[in-house]
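Everything on this sheet refers to the single structure shown next.
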Amino acid sequence: MKGKKIIIGVTGGIAAYKTAHLIREFIKAGAEVKVLMTEAAKEFITPLTLATLSKNPVLTDFFNAENGDWNSHVDLGLWADAMVIAPATANTLAKMNHGIADNLLLTSYLSAKCPIFFAPAMDLDMYQHPATQQNITNLINRGHTCIDADSGELASGLIGKGRMAEPIVIFNEVNFFFSKTQSLAGKNILITAGPTHELIDPVRFIGNYSSGKMGYALAEECKKRGAEVILVSGPVSIEKPNGITTINITSAKEMFDACMHYFPKTDIAIMNAAVADYTPVRTSDKKIKRKADDNDLYIELKPTKDIAAELGNLKKESQILIGFALETDNEEKNAAGKLEKKKLDFVVLNSLQDKGAGFGHNTNKISILFKDNNIKKFELKSKAEVAIDIVDEIEKIVSDK
Ligand code: CTP
């Protein structure tokens, strides 16, 4: 962060008082800060406070009314290494999305060539409104980073999502951007996640307990490192991640088709999904009724295609293929078998015998088995941290290629 030039854009929300702390974090870390305020922001915190903290005059107007000095938004846009808009009100988000340029903050935004970060802050109904959500999505799709609002008590007294993220969280996100090299920039990464559902009839399916959390955490981590991520997801109850192309599928067959479609343009494929190994031979188009004679019912199953193994066969020298193995017994032996059979570069082993590992948990405990029989064991960690460990190992392979 030392020497980085940061524009902090402050818009008119009660959270503007927290921006004082945000500026201090940047200054403490050695960054150079220039603050741009909208007129409305000045109602919530004084320019004097922010000028003192940032050690630079605060800019609001296109020119200084007293001496006619021109505040060039073009120069500001070129000067900055990052622009952080915090708080970003619903009004400013809408204007950013539509390219409206009616104040210095917005003209500077339109002129900026640097990465843009924004921290929404507003009342919960405004936040949830489809217009605001669409604006946020569009800005993220434009490549900007949203430091999402927190849930809690809002200035209105209502409780819900809309509170600006804490200054330290915003600072960490920007700091992370600068500290982490965009090590996977230019890489196309295909990730499978979640379970598959194999339909028996219109109301029943064969499935499993996979929550998709690990696969989604991997997708987020790869995106953070600059990769283009395609996430092929089975049915899960996780919100669609921003900035990641998510292909929703139901069955193993659909997951297979999606993977075959994207694999030729993929540099790295991470097969995290818990794919059904068998699917009903027939899917009834009507609900299967209980038999009048009370006899047993048999559902005939046929094997699905092993997606990881198929990709392993198609894999070119330049492509990297990572698999997972969830085991209950003979863990390392079984995982090593999968590594070889599916021609994986490494396999991530979860054992259901480890507390806190596997389906549904927010934590995971993994071992990674490599082609040279090396095994690396990790502690129990959050799935986001496990994703960092896994992607670090992938990066090592990328740099060795
Ligand atoms: N996998 C896959 N397609 C399948 C089954 C599994 O792509 N039809 C992938 C999983 O995403 C995982 C790896 O293969 O990366 C191992 O999955 P797992 O279910 O543990 O192993 P299986 O090969 O299905 O073997 P088994 O169920 O007998 O343990």
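Name the pairs: first residue in segment 272-291 and modelled with pLDDT of 95 or more and part of a loop (DSSP other than H, G, I, E, B), second residue within 16 Å of the ligand (Cβ to nearest atom) and basic (K, R), Cβ to Cβ under 8 Å, at least 6 apart or on different chains? From residues that are modelled with pLDDT of 95 or more and part of a loop (DSSP other than H, G, I, E, B), the pairs are V281/K302.
All conditions in (1) of a type outside the set (A, V, I, L, M); (2) touching a strand residue (DSSP E or B) at 6+ places or on another chain (Cβ under 6 Å); (3) crowded, with 24+ Cβ neighbours inside 10 Å hold for N188, with the sole exception of (3).
Picking from G3, G13, G9, which residue would you name as being part of a loop (DSSP other than H, G, I, E, B) and either polar (S, T, N, Q) or under 16 Å from I170 (Cβ atoms) (or both)? After applying the criteria, what remains is G13. Selection within segment 267-278: residues that are more than 9 Å from the ligand (Cβ to nearest atom) and crowded, with 23+ Cβ neighbours inside 10 Å. The member of this set that is farthest from Y209 (Cα to Cα) is I268. Within segment 315-332, identify whether any single residue is surrounded by fewer than 16 Cβ atoms within 10 Å (Cβ to Cβ), among the hydrophobic types (A, V, I, L, M, F, W, C) and either in the same structural domain as V391 (by TED's automatic domain parsing) or more than 9 Å from the ligand (Cβ to nearest atom) (or both), and answer yes or no. No; the residues of segment 315-332 include none that is surrounded by fewer than 16 Cβ atoms within 10 Å (Cβ to Cβ), among the hydrophobic types (A, V, I, L, M, F, W, C) and either in the same structural domain as V391 (by TED's automatic domain parsing) or more than 9 Å from the ligand (Cβ to nearest atom) (or both).
Screening P235 against (1) over 28 Å from E395 (Cβ atoms); (2) more than 16 Å from the ligand (Cβ to nearest atom) leaves a single unmet condition, (2).
Within the bounds of segment 52-70, is there any residue that is at pLDDT 95 or above, assigned to a helix (DSSP H, G or I) and in contact with a strand residue (DSSP E or B) (Cβ under 6 Å, 6 or more places away or on another chain)? Looking for residues that are at pLDDT 95 or above, assigned to a helix (DSSP H, G or I) and in contact with a strand residue (DSSP E or B) (Cβ under 6 Å, 6 or more places away or on another chain), one finds at least one in segment 52-70, hence yes.
In segment 368-401, the residue that is modelled with the highest pLDDT out of those that are part of a loop (DSSP other than H, G, I, E, B) and among the polar types (S, T, N, Q) is N374. Select from segment 226-237 the residues that are open to solvent by 10 Å² or more (accessible area, probe 1.4 Å) and in a strand (DSSP E or B) and write down the one among them that is nearest to A357 (Cα to Cα). Within segment 226-237, the match that is nearest to A357 (Cα to Cα) is I230. Name every residue in segment 279-309 that is near the ligand (Cβ under 9 Å from one of its atoms), touching a helix residue (DSSP H, G or I) at 6+ places or on another chain (Cβ under 7 Å) and open to solvent by less than 80 Å² (accessible area, probe 1.4 Å), in order of residue number. Within segment 279-309, T304, I307, A309 qualify.
Among the residues making up segment 1-54, those that are open to solvent by 20 Å² or more (accessible area, probe 1.4 Å), among the small types (G, A, S) and without any contact (Cβ under 8 Å) to a residue 60 or more places away in the chain are G3, G30, A40, A51.
Among the residues of segment 251-266, the one identified as of a type in the set (K, R) and either exposed (fewer than 10 other Cβ atoms within 10 Å of the Cβ) or within 16 Å of the ligand (Cβ to nearest atom) (or both) is K253. Pairing residues of segment 334-361 that are open to solvent by 40 Å² or more (accessible area, probe 1.4 Å) with residues that are at pLDDT below 80 and within 12 Å of the ligand (Cβ to nearest atom), at Cβ distances under 8 Å and at least 6 apart in sequence or on separate chains, gives L352/G358.
Only one residue in K253, K223, K240 is in a helix (DSSP H, G or I) and over 25 Å from K305 (Cβ atoms). Which one? Walk me through it before giving the result.
Details: K253 fails: over 25 Å from K305 (Cβ atoms); K240 fails: in a helix (DSSP H, G or I).
Result: K223 is the single residue among K253, K223, K240 that is in a helix (DSSP H, G or I) and over 25 Å from K305 (Cβ atoms).
Quick check on K371: is it open to solvent by 60 Å² or more (accessible area, probe 1.4 Å), without any contact (Cβ under 8 Å) to a residue 40 or more places away in the chain, more than 13 Å from the ligand (Cβ to nearest atom) and over 25 Å from I307 (Cα atoms)? Considered against the rule, which asks whether it is open to solvent by 60 Å² or more (accessible area, probe 1.4 Å), without any contact (Cβ under 8 Å) to a residue 40 or more places away in the chain, more than 13 Å from the ligand (Cβ to nearest atom) and over 25 Å from I307 (Cα atoms), K371 comes out as no.
Return yes when T245 is surrounded by fewer than 24 Cβ atoms within 10 Å (Cβ to Cβ) and touching a His at 6+ places or on another chain (Cβ under 8 Å) and no when it is not. Can you show your working first?
Working: surrounded by fewer than 24 Cβ atoms within 10 Å (Cβ to Cβ): yes; touching a His at 6+ places or on another chain (Cβ under 8 Å): no.
No.
The values are calculated or read from the model by the stated rules, or taken from the named source; none is laboratory data. No experiment lies behind these values; they were computed from the predicted model shown. Heads up, the Cβs are rebuilt from the backbone with ideal geometry, glycines too, and the neighbour counts pull from every protein chain shown. Only protein heavy atoms, including side chains, enter the accessible area calculation; ligands, DNA and RNA are left aside. Shrake-Rupley method; radii C 1.70, N 1.55, O 1.52, S 1.80 Å.
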